[in-house]
Amino acid sequence: MTNTYILNATWAPTGEKCDICLGPGKSSSFEKLGGLRTCDAEIQPAGSMSAPDGARRIDATGKLVMPALFDLHAKVEVPGRSKRESVSRTGQAAAQGGVWGMLVIPTRGFMFDNYATLDSFNDAVTQRSATEMLPAGTISLGAQGAQQAPYNTLSARGVNILTDGDRVPDNLLMLHRAMKYAAELNLTFAIRGDVPALTANTYMHPGSTSYALGLHGTPACAEEIGIETLLRLAEDTGARLHIQTVSTAEGVESIRRAKARGQAVTAEVALHHLLYTHENVGDYDTTFKVTPPLRERSDCEALLAGVKDGTIDCIVTDHTPCTPFDKKQDFISAPQGMTALDTFLPALYTHLVKPGKLSWAELVQACCVAPLSIAEPQDSESDTDASVPLLLFDPEPEYTVTPDHIVCGTMNNPQIGTTLCGSVTLPLQ
Amino acid sequence: MPTIGKDAIDAALDNWAERIAVGRSSQGGELALIGLISHGDILAQRLIQRLEARGIYARYGALDISLYRDDFDMKQSKPALRSSYLPFSTDGLHIILVDDVVQTGRTVRAALNALFEYGRPASVQLHCLTDRGGRELPISPDYSALRIDAPSTAKVTLHLQETDGCDEIIYP
Amino acid sequence: MNPRKDLLTIGSLSTEEINTILDSATAMKDIFTKSVKKVPALKGKSVLTLFYEPSTRTRSSFEVAAHRLSADVTTFTVSTSSVVKGESVHDTIDTLMSMKMDYIIVRHKHSGIPAVIARHCKAAVINAGDGAHAHPSQAFLDAFTIREKYGEVAGRRVVIIGDILHSRVARSTSCILKRLGAEVAYMGPGPLVPLQKHTGIPRFTNWDQIFEWRPDVIYLLRVQNERMDAPFFPAGDYHQAFGVTEERLERIDDLNLSIMHPGPVNRGVEICDAAMDYRNTLINDQVENGIAARMSILYHLTPQTQNND
């Protein structure tokens with residue numbers, strides 16, 4: 001079997017020209033990227049590699065090569081479709097968006113609170129998905145917030161992260177005990193900052209749009225209070241904590257303070273919280289109904305600043321398939337969530353990298369290196385074969401996203417109808 | 001486009017009033033001129049002035065028959081309604097309905113329906129400024145003031161001083 | 001101007017349309033004085049009232065309006081217990097379409113439901129109140145009442161008092177009054193009055209500020225206790241702090257201000273008994289004008305049911 005050579009590409013993390021040789025067993029390792037290793041690919045400075053005659057050569061002038069992305073927050077279950085189809089479609093969508101692996105958040109159909117569900121899910125992934133899918137275990141049985149899930153059993157099946165998905169545990173006693181117990185197992189608690197009592201029956205950010213639409217507003221302070229509570233619980237119990245989908249400037253500030261005082265905490269922001277504001281809800285556009293809600297432009301800016309200074313470790317998709325029927329309902333009845341996997345890297349590039357708001361190095365850090373290190377902590381005893389495939393990104397093509405581009409199975413992607421730049425080749429062969 | 005001007009309209013109104021006056025001579029009871037909004041009401045007012053000059057008193061009324069129509073063009077938005085002005089019972093009155101242009105007869109049908117909700121008149125006549133033919137209902141004006149030499153399919157436009165700034169009739 | 005199919009919010013109408021509907025309401029009101037209080041304008045048309053929230057007043061006002069236009073009225077009874085889910089509305093839409101209704105008058109506690117129904121129905125949909133979002137027919141009758149009292153709305157000052165946050169009446173009525181050139185202010189308990197930067201409407205929190213502002217009309221909202229999950233203010237305080245008390249009524253009388261209220265009135269909460277008999281209380285006019293305004297609305301909407309079938 002001959003190797004494939006990709007010549008004259010640009011190595012996105014540094015911007016340097018490079019050549020790549022693809023082939024089984026080939027590998028490079030990058031100190032600066034947290035020891036990240038490439039999978040079946042060797043990278044050398046441009047010109048230091050010459051492709052032998054007969055080898056497949058690809059001229060990649062003007063294109064970028066980078067480690068493929070890892071998404072720390074995706075829901076795989078497509079309502080109304082079989083589990084296998086959900087897995088295979090989400091896997092395809094991810095590859096199209098430049099994502100090679102993801103943390104799968106528990107949902108009703110994928111309730112990872114027992115070994116049987118985990119086993120059958122892992123089987124489905126092995127059979128149906130080229131994309132890596134790591135299930136996150138639940139914190140409580142059925143994600144109901146009442147009783148703890150069997151953490152030892154979950155951990156033994158490779159679960160590293162626990163989350164109740166959209167639901168935030170409101171029983172602090174349960175959570176405190178869970179954190180104490182699970183801290184021994186090196187499990188990470190991934191929870192959104194929220195005080196459910198303050199945000200029940202609220203549907204969007206309070207402001208001019210919520211006033212005009214007559215919808216109850218979700219107070220920003222609920223996130224801040226929730227984050228502070230989680231930080232104190234984690235500090236007290238020694239549990240690893242990952243704050244999910246931060247949406248407010250106040251939330252970023254809370255995490256910044258915690259990191260400044262040396263607390264080991266990580267945090268993520270969903271791409272849509274960097275791009276959209278509450279005004280996008282417009283006239284009850286249910287596509288933009290998300291939890292936590294879209295906030296002000298100043299919050300978007302604070303979140304992006306948080307990504308750039310490392311307060312926010314990663315950018316995630318918070319990919320949530322909802323059927324057209326569900327989203328066709330009125331705003332209050334419609335489920336929350338949007339999909340983003342299909343268009344993830346082109347959207348990141350078009351809206352953040354291209355306008356100069358985020359560098360390629362920052363993107364690789366926030367969408368690949370950091371999420372991977374949270375999903376598979378280095379100190380876990382498991383085999384360190386966590387190596388990352390490469391993807392090729394061509395920034396040139398400019399196209400309008402049509403429903404035909406979307407393979408994940410539902411159409412609640414806000415990029416549909418907008419213009420994006422860039423196309424992804426993943427996997428590389 | 002041929003135009004009928006102010007003088008011709010004035011002359012027609014004079015003849016019209018004369019005709020009403022003649023009709024009154026053999027008639028008892030009270031007379032009311034009820035104009036169909038819009039234009040018919042203005043014509044009715046002018047006729048009442050001319051009748052007064054002849055010493056004949058007639059009451060004035062105006063009817064907006066929009067709510068009684070059967071031929072709404074559902075593809076067009078509806079204009080604002082005007083208030084009908086009929087501050088008296090029509091019981092026992094001799095009524096002359098005054099319309100500008102009579103064509104299909106549907107407006108007159110609607111006007112009769114509207115009118116009878118205000119009482120039971122002794123008699124009702126239909127007078128119009130001009131009769132365009134093309135009737136779709138068994139309705140015929142008792143008096144038509146002007147003859148216009150234009151094909152019956154042609155569109156005739158009436159302008160009056162009070163609403164449009166000048167008196168004229170335009171037709172192709 | 002294209003014909004309008006639905007009336008969902010005031011904001012969606014042009015000022016011309018608003019004026020047309022108000023002008024026609026005057027003509028509609030004249031019908032009430034005739035011996036035959038009925039016109040055949042909507043003869044043979046079917047009107048459905050679909051109320052997911054109890055409301056005797058608005059519903060009967062619409063029904064009377066439809067009857068006076070000679071429409072056939074059907075009442076779709078939605079049992080209050082099985083109401084909450086949005087799915088039920090969605091499923092109901094199919095049923096409604098099979099019934100070939102021309103006009104659907106809908107009230108629901110969820111903001112935005114009438115718009116969902118309007119999108120999927122050929123019938124003209126009239127929003128008779130959705131959540132805290134909009135109540136356009138109330139806005140028309142309020143604007144009509146003020147116009148009738150003062151000749152025109154432009155230049156008048158109206159203060160809306162009460163629970164603005166949960167009030168669709170405040171939203172729609174302030175919107176129509178501003179469009180017609182009136183000045184509007186809000187007053188109420190702090191947490192129930194949204195910020196001016198969100199509403200574009202000056203915000204007061206006590207009566208002294210109101211009297212200083214010199215309004216023409218005091219518009220009282222009903223305190224909607226049933227719509228709150230946790231009380232926003234101590235209930236015992238309301239009358240003393242924000243209601244029209246006997247003393248305030250004297251001041252209102254001195255300044256010759258009008259009082260309006262969308263009803264039903266909580267006596268002793270928003271308003272004292274004496275204010276109900278005050279010479280400038282327009283509450284009964286509002287009820288009568290409500291029928292005229294709703295007739296005008298029905299008359300001006302154009303269902304798409306005729307075109308294709």
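Of note:
Yes/no per residue for (1) more than 27 Å from C:Asn19 (Cβ to Cβ); (2) under 16 Å from the mean Cα position of the chain (by Cα); (3) not hydrophobic (A, V, I, L, M, F, W, C):
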position: C:Ala124; (1), (2), (3): no, no, no
position: C:His135; (1), (2), (3): no, yes, yes
position: C:Ala154; (1), (2), (3): no, no, no
position: C:Phe204; (1), (2), (3): yes, no, no
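- Considering (1) of a type outside the set (Lys, Arg); (2) surrounded by 21 or more Cβ atoms within 10 Å (Cβ to Cβ); (3) part of a helix (DSSP H, G or I), the lone condition that A:Gly165 does not fulfil carries the number (3).
- Taken as a whole, the condition of being out of contact with any helix residue (DSSP H, G or I) (no Cβ under 8 Å at 6 or more places or on another chain) and either part of a strand (DSSP E or B) or crowded, with 17+ Cβ neighbours inside 10 Å (or both) applies to A:Lys17.
- Hits in region A:20-40 - residues which are among the hydroxyl-bearing types (Ser, Thr, Tyr) and crowded, with 17+ Cβ neighbours inside 10 Å: A:Ser28, A:Thr38
- Which listed residue is surrounded by fewer than 22 Cβ atoms within 10 Å (Cβ to Cβ) and over 22 Å from C:Gly263 (Cα atoms), from C:Lys29, C:Lys37: C:Lys37
- Pair list, Cβ under 9 Å, 6 or more apart: region B:51-65 residue more than 14 Å from chain C (Cβ to nearest Cβ) and over 16 Å from B:Ile95 (Cα atoms), other residue of a type in the set (A, V, I, L, M) and surrounded by fewer than 21 Cβ atoms within 10 Å (Cβ to Cβ): B:Arg54/B:Ala21; B:Gly55/B:Ala21
- Which listed residue is within 14 Å of chain C (Cβ to nearest Cβ), of a type in the set (A, V, I, L, M) and surrounded by fewer than 23 Cβ atoms within 10 Å (Cβ to Cβ), from A:Val195, A:Val125: A:Val195
- The test for being closer than 30 Å to C:Leu22 by Cβ and free of Cβ contacts under 8 Å to residues at least 40 places away in the same chain does not hold for C:His261.
- Residue identified as surrounded by fewer than 17 Cβ atoms within 10 Å (Cβ to Cβ) and not charged (D, E, K, R) among B:Ser144, B:Ser140: B:Ser140
- Being modelled with pLDDT of 95 or more and surrounded by fewer than 21 Cβ atoms within 10 Å (Cβ to Cβ) is a property that A:His351 has.
- Some residue of region B:100-119 being part of a loop (DSSP other than H, G, I, E, B), modelled with pLDDT of 90 or more and among the charged types (D, E, K, R): no
- Residue within region C:242-253 that is under 22 Å from the mean Cα position of the chain (by Cα) and of a type outside the set (Phe, Trp, Tyr) present: yes
- Residue selected from region C:243-275 under the condition touching a strand residue (DSSP E or B) at 6+ places or on another chain (Cβ under 7 Å) and assigned to a helix (DSSP H, G or I), by the criterion nearest to C:Arg156 (Cα to Cα): C:Ile252
- Residue pairs meeting the criteria (Cβ under 9 Å; at least 6 apart or on separate chains; first closer than 25 Å to A:Gly217 by Cβ and hydroxyl-bearing (Ser, Thr, Tyr), in region A:326-346; second outside any loop (DSSP other than H, G, I, E, B) and modelled with pLDDT under 95): A:Ser333/A:Asp326; A:Ser333/C:Gly86; A:Ser333/C:Glu87; A:Ser333/C:Val89; A:Ser333/C:His90; A:Ser333/C:Ile113; A:Ser333/C:Val116
- Just one of the listed residues (A:His319, A:His278, A:His242) is within 20 Å of A:Ala340 (Cα to Cα), buried (at least 21 other Cβ atoms within 10 Å of the Cβ) and more than 14 Å from chain C (Cβ to nearest Cβ), namely A:His319.
- Matching residues, region A:276-303, being part of a loop (DSSP other than H, G, I, E, B) and at negative phi: A:Tyr276, A:Thr277, A:Asp283, A:Asp285, A:Lys289, A:Val290, A:Thr291, A:Pro292, A:Pro293, A:Leu294, A:Arg295, A:Glu296
- Criterion: of a type in the set (A, V, I, L, M) and under 30 Å from C:Arg119 (Cα atoms) - qualifying residue of C:Ile252, C:Ile283, C:Ile291: C:Ile291
- Positions within region A:28-41 being charged (D, E, K, R) and within 15 Å of A:Glu16 (Cα to Cα), in sequence order: A:Lys32
- Exactly one residue out of B:Asp7, B:Asp70 is within 17 Å of B:Leu115 (Cα to Cα) and exposed (fewer than 14 other Cβ atoms within 10 Å of the Cβ), and it is B:Asp70.
- Tabulated pairs, region B:15-29, first within 12 Å of B:His127 (Cα to Cα), second at pLDDT 90 or above and not in a helix (DSSP H, G or I), C-beta under 6 angstrom, 6+ apart or interchain: B:Trp16/B:Ala145; B:Arg19/B:Tyr143
- Positions within region B:85-106 being away from chain C (no Cβ under 14 Å) and either aliphatic (A, V, I, L, M) or closer than 19 Å to B:Leu158 by Cβ (or both), in sequence order: B:Leu93, B:Ile95, B:Ile96, B:Leu97, B:Val98, B:Asp99, B:Asp100, B:Val101, B:Val102, B:Gln103, B:Thr104, B:Gly105
- Residue selected from region C:190-217 under the condition free of Cβ contacts under 8 Å to residues at least 60 places away in the same chain, away from every other protein chain (no Cβ under 14 Å) and not in a helix (DSSP H, G or I), by the criterion surrounded by the most Cβ atoms within 10 Å (Cβ to Cβ): C:Pro215
- Filter result (assigned to a helix (DSSP H, G or I) and within 14 Å of chain C (Cβ to nearest Cβ)) within region A:324-373: A:Pro324, A:Phe325, A:Asp326, A:Lys327
- Among (1) in contact with a helix residue (DSSP H, G or I) (Cβ under 7 Å, 6 or more places away or on another chain); (2) within 14 Å of chain C (Cβ to nearest Cβ); (3) in a loop (DSSP other than H, G, I, E, B) - the single one A:Thr202 does not satisfy: (1)
- Scan of region C:276-309 for residues that are out of contact with any Asp or Glu (no Cβ under 8 Å at 6 or more places or on another chain), within 22 Å of C:Ser46 (Cβ to Cβ) and either of a type in the set (D, E, K, R) or part of a loop (DSSP other than H, G, I, E, B) (or both), ordered by number: C:Arg294, C:Thr302, C:Gln304, C:Asp309
- Residues located in region A:206-225, provided they are more than 15 Å from C:Arg171 (Cα to Cα) and either within 11 Å of another protein chain (Cβ to nearest Cβ) or of a type in the set (Val, Ile, Thr) (or both): A:Pro206, A:Gly217, A:Thr218, A:Ile225
The values are calculated or read from the model by the stated rules, or taken from the named source; none is laboratory data. Keep in mind that what you see is a predicted model, and the values were worked out from it rather than measured. Quick reminder, even Gly has a Cβ in these numbers, built from the backbone with ideal geometry, and neighbours come from all protein chains shown.
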